[in-house]
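Encoded as structure tokens, here's the structure I'll be asking about.
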Amino acid sequence: MHNFEFVKPSTIADAAAALAGDEAQALSGGQTLLPTMKQRLAAPDTLVSLTGIPEMQGVCIGDDGAVCVGGATTHATVAAEAAASFPGLAGLASQIGDPMVRNRGTVGGSLANNDPAACYPAGALGTGATIVTNSREIAADDYFQGMFATALEEGEIITEVRFPVPEASSYQKFLQPASRFALTAVFVAKYADGVRVAVTGASEEGVFRWTEAEEALSANFSADAVDGLSVAADGMIADLHASKEYRAHLVKVMTKRAVEAAS
Amino acid sequence: MSVAKPLPHDAARLHVTGTARYIDDIPVPAGCLHLAFGLSPVARGRLTHVDLAAVRAAPGVALVLTAADLVRPADCSPSAHDEPLLAEDEVHYAGQPIFLVAADSHLAARKAAALAQIDISPLPAILSISDALAANSRFEDGPRIYGRGDPDAELATAEIVTEGEIEIGGQEHFYLESQAALALPQEGGDMIVHSSSQHPTEIQHKVADALGVPMHGVRVEVRRMGGGFGGKESQGNALAIACAVVAQMTDRPAKMRYDRDDDFTITGKRHDFRIAYKVGHDAQGKISALVFEQFCRCGWSMDLSLPVADRAMLHADNAYWLEHVRITSHRLKTNTQSATAFRGFGGPQGMVGIERVLDHVAHVVGRDGTAVRKCNFYGAPADRSDQGALPPGGAAASPQSISAKAIYNGTRTPYGMEVTDFILDDLVARLESSSAYAERRQAVAAFNAQNAVIKKGLALSPVKFGISFTLTHLNQAGALVHVYQDGSIHLNHGGTEMGQGLFQKVAQVAASRFGVGLEAVKITATDTAKVPNTSATAASSGSDLNGMAVRAACDTIRDRIAVFLAERTQSDPTDIVFADGMVRVGGLEMPFAQAAKEAWMGRVSLSATGFYKTPDIVWDRIRGTGRPFYYFAYGAAVTEVAIDTLTGENRILRADILHDAGASLNPALDIGQVEGGYVQGAGWLTMEELVWDQTGRLRTHAPSTYKIPAASDTPDIFNVSLYDTPNAADTIYRSKAVGEPPLMLGISALLALSDACAACGPCYPALDAPATPERILAAVARARGALP
């Protein structure tokens, strides 16, 4: 790891100011960034910690009923505090990584990084969440732009994520047992105006919505509804852990499981 | 007597309090250098340009060496002198050390090593078994073939002929303590080496060779390893030699430990195998002829591959009478890590081959796998009521008596060794009863009839494992025992402690010989200056060999004390009793400590060496005949699994094990070995998957990509018992070796998964190992006839 400066502001404005400097990088839980720096794949001059900002912490219910999670809230906190208001989201948070990752890693960090096998992108896209930054609000459908790519501008901070609470939902994750990332995982959420299905871990383009399944499930919210559908292996990830065909197969199986668990 | 007691591991308290000392915990003298290798990123190629200027200029770097900088060639091979410490002109695998950095810290050495500029002109790499066969790249001139009878003729007339093939993956040792060594230069060019090694004498030999000094100039000490599993038999040589060479050149201490990624990348693993089979059998599943072709991927250097491949052949029978058999073994040379010893030493791969055959045959004839296994057991009744005919050749020997009607399977292995201690009939019967095998077989069938998605599987598999080094001269051991004038005992022998509990078992032997408590016995580090010319602690032989050597040393001292005290009491020295901390002879009775003190005062030597060599073994590995093993260790396991037929996800639900450790020296430690062996074996065959990419780089080189079973992966119901019966062979207190055999109990997990897959359709699932979810899903599809 190269040397770096470390600052820990206590307000979003101070954090944004610090991030305006040359080669400054936001640090949240550090569960991806610190290993990356140790590998010297990243070498920021300044790390701006986001964990000392009170307004970016915690879980609450917004005026519209959405579950609002501060950007620097850990997975363990979401798993505990959203359990009553949004069990599907709490369930997702409780399956991330191991206890260390859950107690250090944050929702904002996960979404900003947008790892193609991370859990939160499926939760955000599957709920049509709103990603709130220090300068604007971004709809999840506009936010995810491919593997490790997002709509965030340089220095922009995710301060909050607003998850609309569905009537029913479930996150079903096929665990890669060594890394505990998703080999393939699916978030299914049923709203009054339709069903959303978001898939992570499977596609070379990162998290995506399986729109055919959404249509079928919006018409008939039962696992059988996707029986006639299939997912093409083209564009799926093939790596040391699984073939693209296997991942494509898992998309459908995990979707059905999520529907069954949600209904 | 302290033998047979379930005492805890002697260092258990140190382990759990973090005070057990490993190589990296030894305080080093001032000026110690820390070493790191620079590795080849290319599987095969010619070194065209090696620019180490930046490495040499890096902070803290004291010395950088390439092969050309070595004063004399340094070889790391345990066998064929084909492993230069540093690559010379060509690199032979991705991960091969090319240069060596010595710096003032571990981190500085690793950082510096990353700065090298190395140009390699790539050559076509031979990576897979198929590549090696196409290129005829192999060790030895051609395949080795063992066998007997006329399997081709028998196959031609067999009622049913079944053919197939199985791929069996390798396995990373994943000892918790990675490879490590520390060299301390002494006056006059002598060297002390602390090494995390199962084979201190080989370290001594190879270091002496690299330094150009006689073996007496090198002393190697090993207190303990944090796990070995065979991975520290030859793979520690490179670090010890590197440290000693640097220490000699600089006159500074030198230490090296591999980072986990480097350990994965540099060191050899279990050999992966492909085994093809063609078996002739009848409608009951009785085998009449069997032809195996074993393809073994050895990696770039010979290492221990020949005896490993031999042992795979020697376990191609497992527990079964194979009258007409041919086993052909191809030892293939590839541009990958040099595959090496791993718990079982090829035996497990050979055994998976024959168990796969039994599984396939049972499926073809539609009988329960256990019934088919039992009718093929050595010495089993071969009389088939439907035919009543003599078995082919009529040469089958009876193990007990030949009644008028009963004809028995033979009891001679394919390599000509008579199996005289076969206990599996009784052992398996007891296990079937204790595990409720028959009832659970029905329950599994009933469950599967009612569940479309989740299918259960159940399998019983036996183990018969040969005990002794197949290289006969290695079956020897030495010990050194001192009794001090206060009655305390210093114990030393050639075996090494790697967590398995050897030291405690041997200390129990010493305490029993002197009739004292274990607190009187000091266990000391393995040291080539105390006991010379030792064999590796391997082949499960640690307690058998060293226990006997220690017994001999103790008895020598005991006899001297007996003669001395008997003389004083005018009694017969053979009447002396050492028990309960006391010595009794004639009318005399005194504490052992007093006897020791009086013997010392009487000028009796209280120090002795002991020596043991295994009797009655002889082996011709070229012809494949003889008696390579002193005896066999047995065991059997019943595993029940469940699979999800939509994804291939799976769980081991329950395992029942009955294992033969003879008259156990320590049932607590032996059960620990059985439990750990089963879990490691099941891990090998289910979840542990090594993946090399198309350029030959190992992509699974850390726990983030390679999953070993954890405590949470043990079955919820895990019933492990010892088959508590004295060894028929005259071993130390009639115990049996227990290091390797239980690993093969894990084969029942693979077979249970195969059984679950077979419940999905009419075809044979042909499940390869490791049985990852993706492979299980493919096997389910094959069972349904949806895949070829």
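The values are calculated or read from the model by the stated rules, or taken from the named source; none is laboratory data. Just so we're clear, the structure is a prediction, and the values are computed from it rather than from any experiment. A quick note on method: Cβ atoms are made from the backbone with ideal geometry, for glycine too, and the neighbour counts reach across all protein chains shown.
Might you check whether a residue that is among the aliphatic types (A, V, I, L, M), surrounded by 24 or more Cβ atoms within 10 Å (Cβ to Cβ), at pLDDT 95 or above and farther than 22 Å from B:ALA446 by Cβ occurs anywhere in the range B:717-731?
no
A follow-up question, please. Name the residues in the range B:688-703 that are of a type outside the set (Val, Ile, Thr) and under 25 Å from the mean Cα position of the chain (by Cα), would you?
Result: B:GLU688, B:GLU689, B:LEU690, B:TRP692, B:LEU698, B:ARG699, B:HIS701, B:ALA702, B:PRO703.
Can I ask one more? So A:PHE181 fits all but one of (1) farther than 25 Å from B:THR772 by Cβ; (2) in contact with an Asp or Glu (Cβ under 8 Å, 6 or more places away or on another chain); (3) surrounded by fewer than 24 Cβ atoms within 10 Å (Cβ to Cβ); what number is the exception?
(1)
While we're on this one: Where residues in the range A:238-254 are part of a helix (DSSP H, G or I) and within 10 Å of another protein chain (Cβ to nearest Cβ), which of them is farthest from B:GLU688 (Cα to Cα)?
A:LYS252
Return the only residue of B:VAL506, B:VAL481 being surrounded by 23 or more Cβ atoms within 10 Å (Cβ to Cβ), under 21 Å from B:GLY662 (Cα atoms) and touching a strand residue (DSSP E or B) at 6+ places or on another chain (Cβ under 9 Å).
B:VAL506
Checking A:ASP63 against (1) part of a loop (DSSP other than H, G, I, E, B); (2) over 29 Å from A:PHE86 (Cβ atoms): exactly one of these is not met. Which one?
If we test A:ASP63 against (1) part of a loop (DSSP other than H, G, I, E, B); (2) over 29 Å from A:PHE86 (Cβ atoms), just (2) comes out false.
Continuing with the same structure: For a quick check of your reading: which helices (runs of 4 or more DSSP H) sit entirely within the range B:104-223 and have at least 1 residues that are on the phi < 0 side of the Ramachandran plot and in contact with a helix residue (DSSP H, G or I) (Cβ under 9 Å, 6 or more places away or on another chain)?
Of the helices (runs of 4 or more DSSP H) lying wholly inside the range B:104-223, those with at least 1 residues that are on the phi < 0 side of the Ramachandran plot and in contact with a helix residue (DSSP H, G or I) (Cβ under 9 Å, 6 or more places away or on another chain) span B:106-113, B:151-157, B:200-211.
Can I ask one more? Sort through B:ARG654, B:ARG627 and tell me the only one that's within 28 Å of B:ALA779 (Cα to Cα), at pLDDT 95 or above and of a type in the set (Lys, Arg).
After ruling out the rest, the residue left standing is B:ARG654.
For the range B:655-694, which residues satisfy the criterion of being facing another protein chain (nearest Cβ under 10 Å) and among the acidic types (Asp, Glu)?
Answer for the range B:655-694, where residues must be facing another protein chain (nearest Cβ under 10 Å) and among the acidic types (Asp, Glu): B:GLU688, B:GLU689, B:ASP693.
Moving on to the next point. Output the number of residues of the range A:197-212 satisfying the condition of being under 15 Å from the mean Cα position of the chain (by Cα), away from every other protein chain (no Cβ under 14 Å) and of a type outside the set (S, T, N, Q). Steps first, please.
Going through the range A:197-212, the residues under 15 Å from the mean Cα position of the chain (by Cα) turn out to be A:197-203, A:205-209.
Within this subset, residues satisfying the condition of being away from every other protein chain (no Cβ under 14 Å) are A:197-200, A:203, A:205-209.
Applying the additional criterion that residues be of a type outside the set (S, T, N, Q) yields A:197-199, A:205-209.
Total meeting the criteria: 8.
Can you say whether B:ARG110 is under 34 Å from the mean Cα position of the chain (by Cα) and among the charged types (D, E, K, R), as far as the supplied structure shows?
Spelling it out, B:ARG110 is indeed under 34 Å from the mean Cα position of the chain (by Cα) and among the charged types (D, E, K, R).
Checking A:ARG104 against (1) in contact (Cβ under 8 Å) with a residue 24 or more places away in the chain; (2) in contact with a helix residue (DSSP H, G or I) (Cβ under 6 Å, 6 or more places away or on another chain), only one condition comes out false. Which one?
Only one criterion in (1) in contact (Cβ under 8 Å) with a residue 24 or more places away in the chain; (2) in contact with a helix residue (DSSP H, G or I) (Cβ under 6 Å, 6 or more places away or on another chain) is unmet by A:ARG104, namely (2).
Of everything in the range A:8-24 that's charged (D, E, K, R) and assigned to a loop (DSSP other than H, G, I, E, B), which residue is nearest to A:GLU55 (Cα to Cα)?
Step by step, filter the range A:8-24, then rank; the result is A:LYS8.
Does B:GLY344 meet the test of being under 18 Å from the mean Cα position of the chain (by Cα) and in a loop (DSSP other than H, G, I, E, B)?
yes
List the number of the failed condition for A:PRO166; all other conditions in (1) assigned to a loop (DSSP other than H, G, I, E, B); (2) under 30 Å from A:ALA192 (Cβ atoms); (3) within 14 Å of another protein chain (Cβ to nearest Cβ) hold.
Among (1) assigned to a loop (DSSP other than H, G, I, E, B); (2) under 30 Å from A:ALA192 (Cβ atoms); (3) within 14 Å of another protein chain (Cβ to nearest Cβ), the lone unmet condition for A:PRO166 is (3).
Can you tell me how many residues in the range B:694-716 are at pLDDT 95 or above, under 21 Å from B:LEU745 (Cα atoms) and surrounded by fewer than 16 Cβ atoms within 10 Å (Cβ to Cβ)?
Qualifying residue count for the region: 1.
Identify, from the list A:PRO99, A:PRO116, A:PRO54, A:PRO9, the residue that is within 18 Å of the chain's Cα centre (by Cα) and surrounded by fewer than 18 Cβ atoms within 10 Å (Cβ to Cβ).
Details: A:PRO116 fails: surrounded by fewer than 18 Cβ atoms within 10 Å (Cβ to Cβ); A:PRO54 fails: within 18 Å of the chain's Cα centre (by Cα); A:PRO9 fails: within 18 Å of the chain's Cα centre (by Cα).
That would be A:PRO99, the only listed residue that is within 18 Å of the chain's Cα centre (by Cα) and surrounded by fewer than 18 Cβ atoms within 10 Å (Cβ to Cβ).
Also, quick follow-up: Inside the range B:615-650, can you point out the residues that are within 14 Å of chain A (Cβ to nearest Cβ) and not small (Gly, Ala, Ser)?
Hits for the range B:615-650 are B:ILE643, B:ASP644, B:THR645, B:LEU646, B:THR647, B:GLU649, B:ASN650.
Looking at the range B:185-210 only, could you name the residues that are aliphatic (A, V, I, L, M), crowded, with 24+ Cβ neighbours inside 10 Å and within 16 Å of B:LEU85 (Cα to Cα)?
B:ILE203, B:VAL207, B:ALA210
I want to confirm something. Restricting to the range A:129-156 and keeping residues that are closer than 19 Å to A:CYS60 by Cβ and surrounded by fewer than 24 Cβ atoms within 10 Å (Cβ to Cβ), which single residue is farthest from the chain's Cα centre (by Cα)?
The qualifying residue farthest from the chain's Cα centre (by Cα) is A:ASN134.
Are there any strands (runs of 3 or more DSSP E) wholly within the range B:618-690 with 2 or more residues that are surrounded by 24 or more Cβ atoms within 10 Å (Cβ to Cβ) and of a type in the set (A, V, I, L, M), and if so which?
Per the criteria, B:631-644, B:650-659.
Which residues, taken from the range B:732-772, are closer than 16 Å to B:SER543 by Cα and either small (Gly, Ala, Ser) or touching a Pro at 6+ places or on another chain (Cβ under 6 Å) (or both)?
Answer for the range B:732-772, where residues must be closer than 16 Å to B:SER543 by Cα and either small (Gly, Ala, Ser) or touching a Pro at 6+ places or on another chain (Cβ under 6 Å) (or both): B:ARG734, B:SER735, B:ALA737, B:GLY739.
Search the range B:760-788 for residues being farther than 16 Å from B:LYS455 by Cα and more than 14 Å from chain A (Cβ to nearest Cβ), and hand back the single one that is surrounded by the fewest Cβ atoms within 10 Å (Cβ to Cβ).
Out of the qualifying residues, it is B:PRO788.
Still on this structure: Name the residue that is nearest to the other protein chains (Cβ to nearest Cβ), counting only residues in the range A:176-186 that are within 14 Å of A:PRO116 (Cα to Cα) and not β-branched (Val, Ile, Thr). Explain how you work it out, then say what you get.
Initial filter on the range A:176-186 (within 14 Å of A:PRO116 (Cα to Cα)): A:176, A:179-186.
In the following step, the residues that additionally are not β-branched (Val, Ile, Thr) were identified as A:176, A:179-183, A:185.
Values: A:GLN176: 8, A:SER179: 5, A:ARG180: 9, A:PHE181: 9, A:ALA182: 13, A:LEU183: 9, A:ALA185: 12 Å.
Once the filter is applied, the top-ranked residue is A:SER179.
Then there is this: Going by what's in this entry, would A:ALA219 be described as out of contact with any Phe, Trp or Tyr (no Cβ under 9 Å at 6 or more places or on another chain), hydrophobic (A, V, I, L, M, F, W, C), at pLDDT 95 or above and surrounded by fewer than 21 Cβ atoms within 10 Å (Cβ to Cβ)?
yes
Considering each residue of the range B:695-753, count those that are within 14 Å of chain A (Cβ to nearest Cβ), of a type in the set (A, V, I, L, M, F, W, C) and either touching a residue at least 40 places away in the same chain (Cβ under 8 Å) or farther than 20 Å from B:ASP670 by Cα (or both), and give that number.
Matching residues across the range B:695-753 total 3.
Do you know which residues across the range B:98-125 are surrounded by fewer than 18 Cβ atoms within 10 Å (Cβ to Cβ) and in contact with a Lys or Arg (Cβ under 6 Å, 6 or more places away or on another chain)?
Residues satisfying the conditions are B:SER121, B:LEU123.
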